[in-house]
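Structure, as structure tokens:
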Amino acid sequence: MTDHGVAAVLFDFGGVFTPSPFALLATLDGDERDLLSRQIAHVFGPYDRDTDHPWHRLERGETTMEPAFEEIRALAAADGMELEPLRVLRHFAGDGTVRSEVVEHVRRLRAAGLRTAIVTNNLHEVRTMWQRMLPVDELFDLVVDSSEEGVRKPDPVIFERTLERLGVLAAAAVFLDDVESNVEAARALGMHAIHVTADPAGALAELEALLGH
């Protein structure tokens, strides 16, 4: 535990260790951005909430990709849009870039004696792929994956389980995520929470200031 009372640091995966897929929208103009925004809304649903949308059930491990994608296609068709979810997801796949500065930061946290964890909304089908992108066992005491837990951010239950398994109180934990509603949910539990933007340097500096380093 640091002098400032922090014992554990929790991280989202996508948008923290990798560039945020949603940042793609900022690079597009006009009609292209509007079309992709509509497609994203159909594929991912209201991402600031946990609902019965097929993508949310997929992230909770309640369904599998093809049935979920069929439902998403039907929802889009009812809105007059022909949509192929995999095509939209390819826009979000990125190039496999991992932010080395974030990885090195986690190593320093571990060396300082802090506990670390990933708390991610993810899918059974891609678990092996994303975990190959990081030295997971080296960097984290714990990985909490929504598709294994049956609960996804911003539901506070996923944070409560993580804290219980780490053996730390909310007030002694920090959480970093690129989705503001997830940050707000962690903060509402009493955790320190930091919003990660397109450039993670600001969030890492905020973390260091919080730790008193």
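General remarks:
- The residue list D79, D137 contains one member that is over 30 Å from L211 (Cβ atoms) and over 18 Å from the mean Cα position of the chain (by Cα), which is D79.
- Whether a residue is surrounded by 19 or more Cβ atoms within 10 Å (Cβ to Cβ) and modelled with pLDDT of 95 or more was assessed, and L166 passes this test.
- Any pair with Cβ under 7 angstrom, 6 or more apart, that starts in region 60-85 at a residue that is surrounded by 14 or more Cβ atoms within 10 Å (Cβ to Cβ) and ends at one that is hydroxyl-bearing (S, T, Y): R60/S146; R60/S147; G61/S147
- Taking region 122-133 as the range and being open to solvent by less than 80 Å² (accessible area, probe 1.4 Å) and in a loop (DSSP other than H, G, I, E, B) as the test, the residues that pass are N122, L123, M133.
- Residue tally, condition in contact (Cβ under 8 Å) with a residue 12 or more places away in the chain and within 20 Å of L163 (Cα to Cα), over region 114-137: 10
- Counted residues, region 75-110 - those being assigned to a loop (DSSP other than H, G, I, E, B), among the aliphatic types (A, V, I, L, M) and closer than 14 Å to F13 by Cα: 2
- Residue match in region 111-121 (condition: surrounded by fewer than 17 Cβ atoms within 10 Å (Cβ to Cβ) and in a helix (DSSP H, G or I)): yes
- Of all the residues in region 148-158, those that are surrounded by fewer than 22 Cβ atoms within 10 Å (Cβ to Cβ) and part of a helix (DSSP H, G or I) number 4.
- Selection of region 183-213 for residues being at pLDDT 95 or above, among the small types (G, A, S) and either open to solvent by less than 20 Å² (accessible area, probe 1.4 Å) or in contact with a helix residue (DSSP H, G or I) (Cβ under 9 Å, 6 or more places away or on another chain) (or both) yields A185, A186, A188, G190, A193, A201, A203.
- Residue within region 137-145 that is assigned to a loop (DSSP other than H, G, I, E, B), open to solvent by less than 10 Å² (accessible area, probe 1.4 Å) and either among the hydrophobic types (A, V, I, L, M, F, W, C) or modelled with pLDDT of 95 or more (or both) present: no
- If you filter region 27-74 down to residues that are part of a loop (DSSP other than H, G, I, E, B) and among the charged types (D, E, K, R), you find that the one that is farthest from the chain's Cα centre (by Cα) is D29.
- Here R90 meets the list (1) basic (K, R); (2) more than 21 Å from the chain's Cα centre (by Cα); (3) loosely packed, with under 12 Cβ neighbours inside 10 Å almost entirely, failing just condition (2).
- Looking only at residues of region 159-195 that are acidic (D, E) and part of a helix (DSSP H, G or I), we find that the one that is farthest from A7 (Cα to Cα) is E180.
The values are calculated or read from the model by the stated rules, or taken from the named source; none is laboratory data. Computed from a prediction, not measured in an experiment: that's the story for all the values here. Every residue, glycine among them, receives a Cβ derived from its backbone with ideal geometry; neighbour counts consider all protein chains shown. These area figures cover heavy atoms from the full protein model, side chains too; ligands, DNA and RNA do not enter into them. Shrake-Rupley method; radii C 1.70, N 1.55, O 1.52, S 1.80 Å.
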